[in-house]
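Everything below concerns the one structure shown next.
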Amino acid sequence: MIYELRNYTMRPGGRDTLIELFEREFIEGQEAAGIGVVGHFRDLDDPNMYPWIRKFPDMEARRAALTAFYGGPIWKANRDAANATMIDSGNVLLLRPVPASSADVPRGSSLDPFSGTVRPPVGATVVPESLYVAMIYHVEDGFAEFFAREAVPVLSEAGVPPVACFETETAENTFPALPVRTGEQVFVWFARFDRPSDERDVALPGLESRLTSPPQRLRLAPTARSALR
């Protein structure tokens with residue numbers, strides 16, 4: 001699987017406008033083109049950031065699906081309204097899933113950590129109480145093995161097991177009309193809490209020496225129609 005973690009910089013007050021448009025027009029339209037819309041969120045620490053996640057079976061499927069959607073009638077009818085809410089849409093990490101441990105992936109199976117989610121229907125307004133935290137690390141080769149070996153047991157013991165882990169997908173961008181971040185190697189993991197008050201940080205021994213820059217923490221509150229809840 002190929003994932004995109006997209007984090008848009010919004011014009012003041014534009015985020016809720018885009019969320020309403022996204023939930024009404026862009027979810028089913030993308031999925032009809034072959035794009036898996038995984039989750040979309042309010043960043044609790046910045047009202048002008050809109051993070052969301054989508055996925056594709058592989059890079060060629062990504063090219064075909066993005067070509068179909070962005071060349072299709074739904075995007076053409078709504079792109080001006082969507083673009084008017086944003087300052088920048090180029091903060092995009094192209095990622096591939098990695099297992100938190102070797103036990104997570106049976107032999108011969110594919111890895112899709114956010115499969116099986118169920119989204120509320122069009123018109124849903126109830127916002128989940130849950131919180132997702134995404135930790136973004138800039139790393140060097142071999143970090144995924146270190147994280148699975150050293151960090152995951154500590155996190156699990158503390159009651160914060162990763163629900164998904166990803167690393168940079170290094171393949172060439174197959175849809176250059178939408179840029180992605182290049183020239184950096186990242187590792188991203190997600191934790192889920194039933195409510196924001198349950199959030200806690202866990203010190204990970206040996207982590208700092210493995211990072212090439214300070215980590216980034218995103219505190220993500222699912223929107224009403226997010227499939228991640």
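The values are calculated or read from the model by the stated rules, or taken from the named source; none is laboratory data. Predicted, not measured: the structure shown is a model, and the values here were computed from it. In this analysis, Cβ positions are derived from the backbone assuming ideal geometry, glycine residues included, and neighbour counts consider all displayed protein chains. Quick note on the areas: whole protein, heavy atoms, side chains included, nothing else; ligands and nucleic acids left out. Shrake-Rupley method; radii C 1.70, N 1.55, O 1.52, S 1.80 Å.
Here are some residues: 171, 164. Which one is within 17 Å of the chain's Cα centre (by Cα) and either of a type in the set (Gly, Ala, Ser) or surrounded by 16 or more Cβ atoms within 10 Å (Cβ to Cβ) (or both)?
Working: 171 fails: within 17 Å of the chain's Cα centre (by Cα).
Only one candidate passes the filter, namely 164.
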If residue 49 meets every condition in (1) buried (at least 17 other Cβ atoms within 10 Å of the Cβ); (2) of a type in the set (A, V, I, L, M); (3) farther than 19 Å from residue 87 by Cα apart from one, which number is that one?
(3)
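With respect to residue 15, determine if the residue is surrounded by fewer than 15 Cβ atoms within 10 Å (Cβ to Cβ) and more than 17 Å from residue 178 (Cβ to Cβ).
no
Could you please let me know if residue 221 is without any contact (Cβ under 8 Å) to a residue 60 or more places away in the chain, of a type in the set (A, V, I, L, M, F, W, C), in contact with an Asp or Glu (Cβ under 9 Å, 6 or more places away or on another chain) and not in a loop (DSSP other than H, G, I, E, B)?
Details: without any contact (Cβ under 8 Å) to a residue 60 or more places away in the chain: no; of a type in the set (A, V, I, L, M, F, W, C): yes; in contact with an Asp or Glu (Cβ under 9 Å, 6 or more places away or on another chain): yes; not in a loop (DSSP other than H, G, I, E, B): yes.
Against the criterion (without any contact (Cβ under 8 Å) to a residue 60 or more places away in the chain, of a type in the set (A, V, I, L, M, F, W, C), in contact with an Asp or Glu (Cβ under 9 Å, 6 or more places away or on another chain) and not in a loop (DSSP other than H, G, I, E, B)), residue 221 does not qualify.
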Inside the stretch 47-69, can you point out the residues that are closer than 23 Å to residue 130 by Cβ and assigned to a strand (DSSP E or B)?
49, 50, 51, 52, 53, 54, 55
Note on residue 21: of the conditions (1) out of contact with any strand residue (DSSP E or B) (no Cβ under 9 Å at 6 or more places or on another chain); (2) open to solvent by less than 70 Å² (accessible area, probe 1.4 Å); (3) not in a helix (DSSP H, G or I); (4) not charged (D, E, K, R), unmet is (3)
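Quick check on the stretch 185-200: of everything there that is of a type outside the set (Gly, Ala, Ser) and over 17 Å from the mean Cα position of the chain (by Cα), which residue is surrounded by the most Cβ atoms within 10 Å (Cβ to Cβ)? Lay out the reasoning, then the answer.
So in the stretch 185-200, the residues of a type outside the set (Gly, Ala, Ser) come out as 185-190, 192-196, 198-200.
Pick out the ones that are also over 17 Å from the mean Cα position of the chain (by Cα) and you get 194-196, 198-200.
On the way: 194: 11, 195: 10, 196: 13, 198: 13, 199: 16, 200: 11.
Ranking the candidates gives 199 first.
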Under 8 Å between Cβ atoms, at least 6 apart or on separate chains: pull out the pairs that start in the stretch 143-157 with a residue that is open to solvent by less than 50 Å² (accessible area, probe 1.4 Å) and end on any residue that is part of a helix (DSSP H, G or I) and not β-branched (Val, Ile, Thr).
143/210; 146/210; 148/102
So residue 54 clears everything in (1) on the phi > 0 side of the Ramachandran plot; (2) buried (at least 19 other Cβ atoms within 10 Å of the Cβ) except one condition, right? Which one?
(1)
For the stretch 62-89, which residues satisfy the criterion of being among the small types (Gly, Ala, Ser) and either in contact with a Phe, Trp or Tyr (Cβ under 9 Å, 6 or more places away or on another chain) or farther than 23 Å from residue 7 by Cβ (or both)?
64, 65, 68, 71, 72, 77, 82, 89
Considering only residues that are open to solvent by 10 Å² or more (accessible area, probe 1.4 Å) and outside any helix (DSSP H, G or I), which ones fall in the stretch 24-46?
33, 34, 36, 42, 43, 44, 45, 46
Go through the stretch 97-205 and tell me which strands (runs of 3 or more DSSP E), entirely inside it, have 2 or more residues that are among the aliphatic types (A, V, I, L, M) and at pLDDT 95 or above.
131-138, 186-193
